[in-house]
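Read the structure below first, then the notes.
The values are calculated or read from the model by the stated rules, or taken from the named source; none is laboratory data. Given the structure is predicted, the values throughout are model-derived calculations rather than measurements. So basically every Cβ, Gly included, is an ideal-geometry build from the backbone, and we count neighbours across all protein chains shown.
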Amino acid sequence: MVDIEIEIDGKVVHGHSGENLISIADREGIEIPRFCYHKKLSVAANCRMCLVDIEGNPNAQPACSTPSSAGMKVHTKNEKAKTAQKAVMEFLLINHPLDCPICDQGGECELQDVAMEYGSNVSRFNEGKRIVDDKGIGALIQTDMTRCIHCTRCVRFGAEVAGIVEMGATGRGEDLKIEPFLSEGIQSELSGNMIDVCPVGALTSKPFRYEVRSWQMNSIQTIARHDLVGSNIFTQTHKSKVKRVVARDNENINETWISDRDRFSYQGVNNENRVLIPKIKIEGEWQDTSWDDALDFATNGIKKHAKEGSQFGTLASKNATLEELYLLQKFTRGLGSDNLDYRLDASNPYNAKVLESNISLTELETIDHALIVNSYLRLEQPMINHRIRKATLNGASVSTINAKAFDFNYRISHSVLTSPQNTVATLSGILKALLDKGSQTLPDYLNTVTVHQTHIDIANALLNAKHPVVVLGEHVNGNTCSDQVAKLVSEIAKASDAKTLNASLTGNTHSAERVNFKPDNGKNALQILSSDLTAFALFDVYPNFDCIDSENAIKHLSRDDAFVVAMNSFDDESVLSFANVILPIASFYETSGTHINVDNIAQSYSASVKSAGESKPGWKVIKVLADLLNLQGFDFTDSSQIADEALSLTPSISEIEVPINNSEMPNVTTVWQYTPYASDVVVRHASSLQQTRIGQMSEASVCKATAKLLELSEGDFYKGVPVNINESVAEGCVFVHTHLPRQLGVV
Amino acid sequence: MNNICLKSIDKDNPSSLATYEEMGGYKVWHKILHGELSPEKILEELKISGLRGRGGAGFPTGLKWSFMPRNQEGQKYVVCNSDEGEPGTCHDRDILRFNPHSVIEGMAIAGYVMNATVGYNYIRGEFMEPYYRFEEALKEAYDTGLLGTNINGSKVCFDLYSHLGAGAYICGEETALLESLEGKKGQPRFKPPFPANVGLYGKPTTINNTESFASVPEILSRGGQWFADLGVVNSGGTKCFSVTGNVKNPANFEIPMGTPFSDLLKLAGGLRKGRTLKGVIPGGSSTPLIPAAKAMKMTMDYDSIEKAGSMLGAGSVIVMDDTTCMVKALTRLAHFYYDESCGQCTPCREGTGWMYRVLKRIMDGQGKSEDLNLLLSVQDKIIGNTICALGDAAAMPVESFITHFREEFEYYIKHGKSMVESDG
């Protein structure tokens, strides 16, 4: 690309030859009105609002689709340009309802803003206005298509970014309608971005409808905590409630998009099911009490039940803040215990160091092959998946090794269906194929491994790629050989010179790893919940959903000799059944904190609103508990001091040996995956997300052969989930994708 | 008359290969297959001939062909625009019906010149008979080894397919045609990039009108200069005109460029008894109306018609006599564009409906005195501001009808009825 000089409104500016005039103008801060142009979408040039005068051209030309060339002289505000722009504005307004007073977009509407400068105060249109039917497109997006100006940003977003063509322009002329092709409603996990790109009030947030006027809210910069990305967002608040969440640009992290989970989960925080007052259980009866009494009750209980530190164990949510996790481990270790863990959903809590990520989000766009192992990445990590999709648009191919064939938004070139018990064998086959190609000596454990053609195909895809990546996802956590799977993924990456991305541990797990929130020599989550510990601290843990063996966890915590301090943000039946004291803590957006994302970027944020009821930020509660137990080193007055101390620690870098032995596993296994809207306690309480098709998913998929073995038929329930017999699932396993708690399955 | 594109029109079995070959058809193509005619020579002859695109824009065909990056790697395409939908036009239909082989040969030559091995003929959806005729001709051409891969060992390759549209006027716009051909909704693309660089399936593509392609074999067999000399300066050769409206013998006439309009009118049998000429739309409904006095002085070529205030367009001459109500005629035209706008870009989507509704209101006797200036203002805001030329096409008749026959519109508004007795 050549650097050229052009003139816009008499100002000499630089651009690349062929670069669109509008992007040069934007860079230079020269304002050109537009509706259809969006920097992240393809050019459509259909709204015609950005018409500008180019010297030597008889007609005004759209700045969005006109390539610049050296010496061009452009006028964006002379009479010719203004006349053209005002003409377009008039046309846009003749059929627009102008119902700004009852439109949620009012005050933040591009049409309203541009009309201020280019519109007329009197309409010359005296014919009947167009009215458009609203079909309804689901629980998240409110449509008022009479307001639509047909810019097709939402259509292009679906086709180009979400990768699921849902909205389209049907009909022609005046009858052109923007509407979904199918009546099933919008299904994309990124659909909410259509609200952001819509320049008018045609697509607005349904949960936000008529809540408050946009100018009455405060916008606070913060971070979304649900996944590994830590998307940048604004919480928009009114009277100490989060009313809406919108995306905040950060090119290196979430670009300009956010997932629906990040956008609509705030509803969970406002849910009435929050714990608002401290509670203690006396003789089996719960009673509300003061903070002082509750804290005394908690510390006395810990002192009484954990005479020795080793009798104490701590479990924390993977979504806790860096500060909370750091203080909690300091607290636990201060009591002389090394029993602590955040890996609650793991059948075999493996050390994340076995497979560390070494590729950044932006680098993911440049890969030419991705091997996705044990993951429905699109729903697990929408923004990571989006980067891979971008790579596929540039020609990258993708292979998968999964227990089920999933609906990705890009083409999968090789797909191997593998049950959990066969995953080690499959990965070993691929590793062997890779090492064979490189004529390398095989480690002993590969000697007896059989290599299939599909293994060779995937090995070839990896070897033929210049920038491959191997991604490991959530499903591995339920595998009792998870450490071996992670190890093999790491070996495959080494043998094929591929980068790795460990997406199996989501939420704020990079913070948990940074502060070593797991035992060095003590007990891990599974052991804590199966040995004879007598005092427990649970931090925002809801065992019926969060623990892999929820039935056993609840039974164990309910023992008569067990004393459980639950620091919780939400009320929960099962916690009430076993806890002795419940200390209400702040939820998302109510506390300051830090999230470390997959790129190891630590992003700190302050509280957007004050915590609900009498609940307190988690770090303050832990600090006071520590003070009451006379632990040293808790002299913090601000969460940033905690973050500073936590981040100054250097994580250990010891090598971890993982023998590959393909240990004995059952003939039939279960993969249990929550919908993305059941992945943590906040989003589980977000009512609108629960009503979406993704949120409603609940299906135990099993193939015919396995169904026969398990004597299952359509209409049956497997662990409480309706059975669906189809051949998209690997033999020997049941793939459960649901929003229902694991505990339900046991009943 | 009827010397080139329509020369088989009076023959028995006009569309057959035998008839075409009898008239000297496929001679040029055989020369090419024998390696006796270079692309450069063809381009030179075409440039000399002065052939201009017959679809309406009048762009020099030889120049257009020379824009194609013929030596660029990868697939290239030639596309024939037989989506003849302009109201008043029906000569491409007759070329396809009576002389389909000339289109096939013209396209094959184009493919050879531009190194495009695949061609598509996009035929208007309503043209079932022409489509079947063209398909028959195509089969004959394949059966006799005139098309295909490595034709007769010449290393020349050309495959040709025809495609039937689905009835949208906008698909006659070349980029909307490409979209439709790709299986998408027929909506024009913004330009640049132009089809010569990014065309069908993103590949370099040249699109010409049926008549343009059909003229090529004759030009090359008889020489560019011969063709140029048939016409006048800036308008070489002959042109097919479809004469419709208030004439005795509406028909297609292939006549030399520069023929006086009055002669063409005579060919069409002239006006009916007792009628006088009121106005003429010379190039299809998208071109401005010319009042009688000016029309009678013009000759049928690009420059003269432009001087008279309109365009030669697709050569679709709509003749109106004194019984025509101009308000009604314009309302009908406005309805056509309102109905055919693709709706993609703002000025056309919103403006065509606005203009039609105002005109309809006038027709319903609800007109207001400010409506005429409003119409002129609305059409002015559409012109030049849209993605494709449909916006201009919808606007130009409004401007010309009101400018030339304002008193008739004012009368209608004032009295709620037409000034023209027989139509009112």
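Is it the case that some residue within the stretch B:192-213 is within 14 Å of another protein chain (Cβ to nearest Cβ) and closer than 30 Å to B:E36 by Cα?
yes
So which residues in the stretch A:164-210 are more than 14 Å from every other protein chain (Cβ to nearest Cβ) and among the charged types (D, E, K, R)?
A:E166, A:E184, A:E189, A:D196, A:K206, A:R209, listed by residue number.
In the stretch A:334-374, which residue that is surrounded by 19 or more Cβ atoms within 10 Å (Cβ to Cβ) and assigned to a helix (DSSP H, G or I) is nearest to the chain's Cα centre (by Cα)?
So, considering only residues that are surrounded by 19 or more Cβ atoms within 10 Å (Cβ to Cβ) and assigned to a helix (DSSP H, G or I), the one nearest to the chain's Cα centre (by Cα) is A:L361.
From the residues in the stretch A:606-652 that are over 30 Å from A:T235 (Cα atoms) and small (G, A, S), which one is surrounded by the most Cβ atoms within 10 Å (Cβ to Cβ)?
Looking at the filtered set, the residue picked out is A:A626.
I'm trying to understand the selection: among the residues of the stretch B:233-277, which are touching a residue at least 60 places away in the same chain (Cβ under 8 Å), of a type in the set (A, V, I, L, M, F, W, C) and touching a Phe, Trp or Tyr at 6+ places or on another chain (Cβ under 9 Å)?
Those that are touching a residue at least 60 places away in the same chain (Cβ under 8 Å), of a type in the set (A, V, I, L, M, F, W, C) and touching a Phe, Trp or Tyr at 6+ places or on another chain (Cβ under 9 Å): B:C240, B:F241, B:V243, B:F253, B:I255, B:L267.
Of all helices (runs of 4 or more DSSP H) completely enclosed by the stretch A:681-733, which ones contain at least 2 residues that are touching a residue at least 24 places away in the same chain (Cβ under 8 Å) and under 20 Å from the mean Cα position of the chain (by Cα)?
Of the helices (runs of 4 or more DSSP H) lying wholly inside the stretch A:681-733, those with at least 2 residues that are touching a residue at least 24 places away in the same chain (Cβ under 8 Å) and under 20 Å from the mean Cα position of the chain (by Cα) span A:681-684, A:687-690, A:693-696.
Which residue out of A:V658, A:V671 is β-branched (V, I, T) and either outside any loop (DSSP other than H, G, I, E, B) or free of Cβ contacts under 8 Å to residues at least 40 places away in the same chain (or both)?
One residue alone meets the criteria, A:V671.
Is the stretch B:208-219 home to any residue that is under 27 Å from B:R349 (Cβ atoms), buried (at least 23 other Cβ atoms within 10 Å of the Cβ) and touching a Lys or Arg at 6+ places or on another chain (Cβ under 9 Å)?
Taking every residue of the stretch B:208-219 in turn, at least one turns out to be under 27 Å from B:R349 (Cβ atoms), buried (at least 23 other Cβ atoms within 10 Å of the Cβ) and touching a Lys or Arg at 6+ places or on another chain (Cβ under 9 Å).
Scan (1) touching a residue at least 60 places away in the same chain (Cβ under 8 Å); (2) acidic (D, E); (3) out of contact with any Asp or Glu (no Cβ under 8 Å at 6 or more places or on another chain) for the single condition A:E179 breaks and write down its number.
Among (1) touching a residue at least 60 places away in the same chain (Cβ under 8 Å); (2) acidic (D, E); (3) out of contact with any Asp or Glu (no Cβ under 8 Å at 6 or more places or on another chain), the lone unmet condition for A:E179 is (1).
Of everything in the stretch B:361-393, what is facing another protein chain (nearest Cβ under 9 Å) and either in a helix (DSSP H, G or I) or touching a residue at least 12 places away in the same chain (Cβ under 8 Å) (or both)? Give them in sequence order.
Scanning the stretch B:361-393 gives B:R361, B:K368, B:L374, B:S377, B:V378, B:D380, B:K381, B:I382, B:I383, B:N385, B:T386, B:I387.
Condition first: buried (at least 24 other Cβ atoms within 10 Å of the Cβ) and within 30 Å of B:V232 (Cβ to Cβ). Can you find one or more residues in the stretch B:343-351 that meet it?
No.
Residues in the stretch A:476-533 that are more than 29 Å from A:E324 (Cβ to Cβ) and touching a residue at least 12 places away in the same chain (Cβ under 8 Å): how many?
Residues in the stretch A:476-533 being more than 29 Å from A:E324 (Cβ to Cβ) and touching a residue at least 12 places away in the same chain (Cβ under 8 Å): 16 in total.
Any chance you could count how many residues in the stretch A:109-148 are within 25 Å of A:T76 (Cα to Cα) and under 33 Å from the mean Cα position of the chain (by Cα)?
So the answer is 5.
Out of A:V132, A:V114, which single residue is in a loop (DSSP other than H, G, I, E, B), within 14 Å of chain B (Cβ to nearest Cβ) and within 30 Å of B:L359 (Cβ to Cβ)?
A:V132
Do you know which of the residues in the stretch A:140-163 that are among the polar types (S, T, N, Q) and away from every other protein chain (no Cβ under 11 Å) is surrounded by the fewest Cβ atoms within 10 Å (Cβ to Cβ)?
For the stretch A:140-163, the residue satisfying everything is A:T146.
Determine whether the stretch B:199-222 contains at least one residue that is farther than 30 Å from A:P62 by Cα, modelled with pLDDT of 95 or more, assigned to a strand (DSSP E or B) and touching a helix residue (DSSP H, G or I) at 6+ places or on another chain (Cβ under 6 Å).
no
Could you check the stretch A:362-373 and list, in sequence order, the residues that are within 22 Å of A:R411 (Cβ to Cβ) and either out of contact with any Ser or Thr (no Cβ under 8 Å at 6 or more places or on another chain) or of a type in the set (S, T, N, Q) (or both)?
A:E363, A:L364, A:E365, A:T366, A:I367
Given the criteria crowded, with 21+ Cβ neighbours inside 10 Å, among the hydroxyl-bearing types (S, T, Y) and away from every other protein chain (no Cβ under 14 Å), does B:T276 qualify?
no
Scan B:T346, B:T331 and give me the residue that is facing chain A (nearest Cβ under 7 Å), polar (S, T, N, Q) and out of contact with any strand residue (DSSP E or B) (no Cβ under 7 Å at 6 or more places or on another chain).
Criteria check complete, one pass: B:T346.
Test A:R514 against the criterion of being basic (K, R), over 28 Å from the mean Cα position of the chain (by Cα) and on the phi < 0 side of the Ramachandran plot, and give yes or no.
No; evaluated as a whole, the condition is false for this residue.
Test of understanding: among B:G119, B:G106, B:G111, B:G145, which residue is of a type outside the set (D, E, K, R), crowded, with 19+ Cβ neighbours inside 10 Å and not in a helix (DSSP H, G or I)?
Result: B:G119 is the single residue among B:G119, B:G106, B:G111, B:G145 that is of a type outside the set (D, E, K, R), crowded, with 19+ Cβ neighbours inside 10 Å and not in a helix (DSSP H, G or I).
With respect to B:Y201, determine if the residue is surrounded by fewer than 22 Cβ atoms within 10 Å (Cβ to Cβ) and touching a residue at least 60 places away in the same chain (Cβ under 8 Å).
So B:Y201 passes the test.
Would you mention how many residues in the stretch A:40-65 are among the β-branched types (V, I, T), at the interface with chain B (Cβ under 8 Å from one of its Cβ atoms) and part of a strand (DSSP E or B)?
0
Scan the stretch B:163-175 for residues that are farther than 21 Å from B:T61 by Cβ and either in contact with a Cys (Cβ under 7 Å, 6 or more places away or on another chain) or away from chain A (no Cβ under 14 Å) (or both) and report the count.
Looking only at that region, the number is 4.
Given the conditions (1) within 11 Å of chain A (Cβ to nearest Cβ); (2) touching a residue at least 24 places away in the same chain (Cβ under 8 Å); (3) among the aliphatic types (A, V, I, L, M), report the number of the one that B:A314 does not fulfil.
Unmet for B:A314, out of (1) within 11 Å of chain A (Cβ to nearest Cβ); (2) touching a residue at least 24 places away in the same chain (Cβ under 8 Å); (3) among the aliphatic types (A, V, I, L, M): (1).
Listed here are the residues, each with its yes/no results for (1) free of Cβ contacts under 8 Å to residues at least 12 places away in the same chain; (2) buried (at least 23 other Cβ atoms within 10 Å of the Cβ); (3) in contact with a Ser or Thr (Cβ under 6 Å, 6 or more places away or on another chain).
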| residue | (1), (2), (3) |
| --- | --- |
| A:Y210 | no, no, no |
| A:S219 | no, no, no |
| A:L228 | no, yes, yes |
| A:F264 | no, yes, yes |
| A:G268 | no, yes, no |
| A:N271 | no, no, no |
| A:K303 | no, no, no |
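Condition first: surrounded by 10 or more Cβ atoms within 10 Å (Cβ to Cβ) and within 30 Å of A:L709 (Cβ to Cβ). Now tell me which residues in the stretch A:654-668 satisfy that.
Once the filter is applied, which keeps residues that are surrounded by 10 or more Cβ atoms within 10 Å (Cβ to Cβ) and within 30 Å of A:L709 (Cβ to Cβ), the stretch A:654-668 yields A:I660, A:N661, A:N662, A:S663, A:M665, A:P666, A:N667, A:V668.
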